[in-house]
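A short write-up of the structure that comes next.
No value in this document is a laboratory result; all are computed from the given coordinates. Computed from a predicted model, the values in this text were never measured in an experiment. Virtual Cβ from ideal backbone geometry, glycine too; neighbours counted across all protein chains shown.
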Amino acid sequence: QVQLVESGGGLVQAGGSLRLSCSASGNTGTINVMGWYRQAPGKQRDLVATSLRDGSTNYADSLKGRFTISRDNAKNTVVLQMNSLKPEDTAVYSCNARGVTWLGTSFNSWGRGTQVTVSS
């Protein structure tokens with residue numbers, strides 16, 4: 001129904017920065033929530049940050065101040081700016097979008113994920 005494509009992952013040294021982008025396409029209608037989650041090997045998927053259509057944001061407590069999420073409703077994109085990266089930030093970062101399609105059905109879509117590796 002809704003496809004999400006992430007970009008911007010890669011390898012960075014501790015203290016560096018990365019900028020992740022996610023673009024939604026397909027049978028989009030109203031995307032109510034759009035954001036990022038991450039999962040390290042052997043661990044659960046955790047919230048990074050989300051944003052509503054009005055621009056309000058929600059961050060994981062441990063990441064607030066280092067990470068910033070921004071959303072462009074017209075372009076159906078969301079960006080995650082990651083600063084002061086630490087080795088423990090290493091994970092697969094996945095974009096998520098939840099909303100209602102043009103036909104009135106709800107959706108909860110995930111991107112394929114992009115690898116972020118922070119070396120010490």
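Among the residues in segment 74-96, are any without any contact (Cβ under 8 Å) to a residue 24 or more places away in the chain, closer than 19 Å to Val33 by Cβ and hydroxyl-bearing (Ser, Thr, Tyr)? Checking segment 74-96: not a single residue is without any contact (Cβ under 8 Å) to a residue 24 or more places away in the chain, closer than 19 Å to Val33 by Cβ and hydroxyl-bearing (Ser, Thr, Tyr). Being in a strand (DSSP E or B) and surrounded by 13 or more Cβ atoms within 10 Å (Cβ to Cβ) holds for only one residue in Asn96, Asn108, and it is Asn96. The residue pairs whose first member lies in segment 30-46 and is under 12 Å from Ala60 (Cβ atoms), whose second member is part of a loop (DSSP other than H, G, I, E, B), and whose beta carbons are closer than 6 Å, counting only pairs six or more residues apart or on different chains, are Tyr37/Arg45.
Selection of strands (runs of 3 or more DSSP E) fully inside segment 1-92 by the criterion of at least 3 residues being crowded, with 18+ Cβ neighbours inside 10 Å returns 2-7, 18-26, 30-39, 46-52, 67-72, 77-82.
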